[in-house]
1. Go through the stretch 814-836 and give me each residue that's among the charged types (D, E, K, R), buried (at least 21 other Cβ atoms within 10 Å of the Cβ) and outside any loop (DSSP other than H, G, I, E, B).
2. When only residues in the stretch 137-191 that are assigned to a loop (DSSP other than H, G, I, E, B) and of a type in the set (A, V, I, L, M) count, which is least open to solvent (accessible area, probe 1.4 Å)?
3. Do any residues in the stretch 299-320 that are over 27 Å from Arg343 (Cα atoms) have Cβ atoms under 7 Å from those of residues that are of a type in the set (Phe, Trp, Tyr) and away from ligand 2 (no atom under 12 Å from the Cβ), where the two are at least six apart or on different chains, and which pairs are they?
4. From the list Asn268, Asn302, pick out the single residue that is open to solvent by less than 10 Å² (accessible area, probe 1.4 Å), on the phi < 0 side of the Ramachandran plot and either in contact with a Ser or Thr (Cβ under 6 Å, 6 or more places away or on another chain) or assigned to a helix (DSSP H, G or I) (or both).
5. Out of the residues in the stretch 554-578 that are open to solvent by 40 Å² or more (accessible area, probe 1.4 Å) and hydrophobic (A, V, I, L, M, F, W, C), which is nearest to the chain's Cα centre (by Cα)?
6. Taking the options Pro220, Pro213, name whichever one is more than 16 Å from ligand 2 (Cβ to nearest atom), closer than 30 Å to Ile752 by Cβ, open to solvent by 10 Å² or more (accessible area, probe 1.4 Å) and not in a helix (DSSP H, G or I).
7. Which of the residues spanning the stretch 623-663 are closer than 16 Å to Met609 by Cα, of a type in the set (Val, Ile, Thr) and open to solvent by 30 Å² or more (accessible area, probe 1.4 Å)?
8. Within the stretch 271-290, take every residue that is open to solvent by less than 10 Å² (accessible area, probe 1.4 Å) and in a helix (DSSP H, G or I) and give me the one that is farthest from ligand 1 (Cβ to nearest atom).
Amino acid sequence: MDPYRLPRTVVPSRYDLRLEPDLSTLTFRGVETVAITVHEPVREIFFNAIELAIDEAVVVDARGREQRATATLDETTERGRLEVAEPLAPGAGQLRLTFRGTLNDKLRGFYRSVYKDPTGVSRTMAATQFEATDARRAFPCWDEPAFKAVFAVTLVIDPALTAVSNTCVVSETREGARKAVRFADSIVMSTYLVAFVVGELEATDPIAVGPTPVRVWCVPGKRRLAAFGHEIAVASLKFFEEYYGLPYPGDKLDFLAIPDFAAGAMENLGAITFRETALLVDESAASHAELQRVADVVAHENAHMWFGDLVTMTWWNGIWLNEAFATFMEMLAVDAWKPQWQRWVAFGVSRGAAMSVDGLHSTRPIEFPVTAPREADAMFDVLTYEKGASVLRMLEQYLGPETFRAGVHGYLTAHRFGNADTGDLWAALGRASGQPIPAVMDGWIFAPGYPLVSAAIERGELVLRQQRFTYLREPLRWWGAGAAGASTPARWQVPVQLRLSAGGRDTVERVLLSEAEVRRPLPAGCDSVVVNEGGHGFYRVRYDAELLGRVLSRLPALAAIERYNLVNDAWAVTLAGLMPLTDYLDLTARFRDERDKNVWTILIGSLAMLNRLATPDARPGLEALVRDRVTPALTALGWDARTAEDELTRQLRGDLIRALGTLGNDRRVQTEAATRYDAHVRGGAAVDPNVLPALIAVVAHAGEPARYTEFLERFRAATTPQEEQRYLYALTAFPQRDLVAQTLDRTINGEIRTQDAPFVVRTLLMTVHAREQAWEFVTRQWDTMDRLYPKHGTRRMAEGVTGLMMPELEAAVHRFFQERRIEFGGKVLEQYLEQLRVAVAMREREGAALAAYVARPGAR
Ligand code: BES
Ligand code: ZN
């Protein structure tokens, strides 16, 4: 028996929950009545609870016998146990509990959030964050996704405050000095989706989508930032009702911005909570990237109202059914809303991020065993979200979008108000398509990794071969390594899409590569083959020299996503030691005319990584190489936005300026950036919102110390969440030791919110000028950080160690984690260490070649 799981002898069906939070004492009192079904005549009832005091417990069984129970709590398993003298009669019964807790500052369970009101006075509100396993911190419950129940919540609060929960308010009544706000019954749902928010909240007017009123909530004074989020909330709700073919399952839909919030957002049914940056934005002053972030997160959480809330995975090993689907649906909805954003091309960057982790020996299958809460938390990663969404996209393209949608509709209909697992999804998609889904899909979900597909021309035939792609030949050797498991057979059912060009005519062909190798004749006169046409496949492509030459000679004929994949795959095989770095650097020279922002993201990203692993003497040469590659594009675009230009081009301009001014250390760009920035803040020349964040970053990088004080002030006085973030991260770009030290101090002295601090430290760990200092700080302050930061905090921060790409630092990282016995659950730490190894190995293998290449004047 797994000690973390609850027995099914007694099962809840309804919670009548009354909570009384007190924002002045930072405590809450609760009373709950749980309708239960007793399946066996037991004398004990198990449930989840942690950091709660249970003052009274009474159990009533099916024969109406009432017994007082003694309650004990076990900290390690986070379980409570009630014991009664006489066995409970099987059948319907009731449990009545009285309990107390504190409104904590760890952004989990029932917690407090602090902010300044428009007059600068500090205010407190209360909010919840329950996923994965923190409902048990707010009220005793069966805190597993398969114990679905109805929730009837009453919040007893200060009459001056507002309370929001999952459903509509049905009554507000005065109770002495307080008011009791009673909410309607929820649908049958999992505990992790329950939410309450209490504070001085403001809402927009509702917009009705059919019977559902949709509102955005925020702390006083920020309502002017709600319109954009509101718009995508409404648009995506309409989109999903149409796509799923099922009405929204709740009675109202609120989107709430919470000043302190650990994750990005949380899909509580009817009361979706967000960190402010992910919901509130001034559309006229935000960059494309900042707007897309809001649209993404809103659409993602909204998609969960069906995928996750209406139908829920049975257990956390199946969390991909929630998160991968919500991510996939997010793309569909945002793409439908703003086709000009080319959302699926940008998704290529996310797919690439998943392939980076999934190319490690320490990757894991999308579905992976989970027992303890920490293991559940470790599942929220790029494999669940981005690999999961990628394989869904691949399947959607393989089956056809309409067939896929029909399968999704069938799945949701069959399991609504219930739980499901991967097999149920395959069954529904199988019914819709008539195809053997498990045969094609199981390898993508239950096996780790993905294939490298090699393409070659041999005797006039196209030959495709698959093998597993990994960066390192061997698994990483480290102290935590278990016995080497049996290596999984490296064979997938790969839906390969090809574009064959012959005499100026293109044909698209589909092949299911299921063996190690397939051969097919080439049409007469075929002069080029693109593998992974359209870019939807979750695999890498490696062309032989002849095919690569042909593809490169027709670069502009490739779609943006195909160019992205070409560069991304070339960079990956370079990191894996399968292609010389000098060849990769030559390749980048062919992209000077590139105008797609996502292709530039991988080009700039690879150069940034080279900058991190370069030896100091190579850096000036590398900076010159960056200028050589990037300058032509910026020259062509110019510094000023043009009227007929699309949003993506404007964002690209910002990205190029940032790359030149920081990575390229381009003095002229730095000077120009400072001039334009100063003119802008003096209220003169308006700067395009896509360029302004880049100007701030470049000015900070140029590093005049007086600017640090100025930017710190602007961080404190910011009037939008986006502005606050720009200046916050700008603080990490100043190279001076004392300024780095100041910024580091601010991550633990309360000046930077704990929701942001781990990410600021991560950035510093990945920045050449600050990383050693940051690492030293982290090793000294680890315990403090662990105490202050929300639960995912140190894990997210520690990802920054992948930036410590020097052999001595790598050794220090290993020593630290080993000595301190730090664990993040799942394979997280092992993945960080393997990524670090890949980078250091690259440095050792290619460092000299890099230095020589960038020193050779003509080569650039
Ligand atoms: N369900 C998650 C929130 C969550 C994440 C809870 C991790 C517990 C642990 C939510 O739907 C989500 O995925 N949020 C993302 C944003 C999204 C747009 C990718 C997040 O918080 O980063
Ligand atoms: Zn999600």
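The values are calculated or read from the model by the stated rules, or taken from the named source; none is laboratory data. Remember, predicted model here, so these are calculated numbers, not experimental data. Ideal geometry is used to build each Cβ from the backbone, glycine not excepted, and the neighbour counts take in all protein chains shown. When the accessible area is computed, the model is the full protein with side chains, heavy atoms only, and any ligands, DNA or RNA have been set aside. Shrake-Rupley method; radii C 1.70, N 1.55, O 1.52, S 1.80 Å.
1. Hits for the stretch 814-836 are Glu830, Glu834.
2. The residue in question is Ala138.
3. Within 7 Å, the pairs are Asn317/Phe368.
4. The conditions single out Asn302.
5. Within the stretch 554-578, the match that is nearest to the chain's Cα centre (by Cα) is Ala559.
6. On the way: Pro213 fails: closer than 30 Å to Ile752 by Cβ.
Testing whether each residue is more than 16 Å from ligand 2 (Cβ to nearest atom), closer than 30 Å to Ile752 by Cβ, open to solvent by 10 Å² or more (accessible area, probe 1.4 Å) and not in a helix (DSSP H, G or I) leaves just Pro220.
7. Within the stretch 623-663, Thr662 is the sole residue that qualifies.
8. The residue in question is His288.
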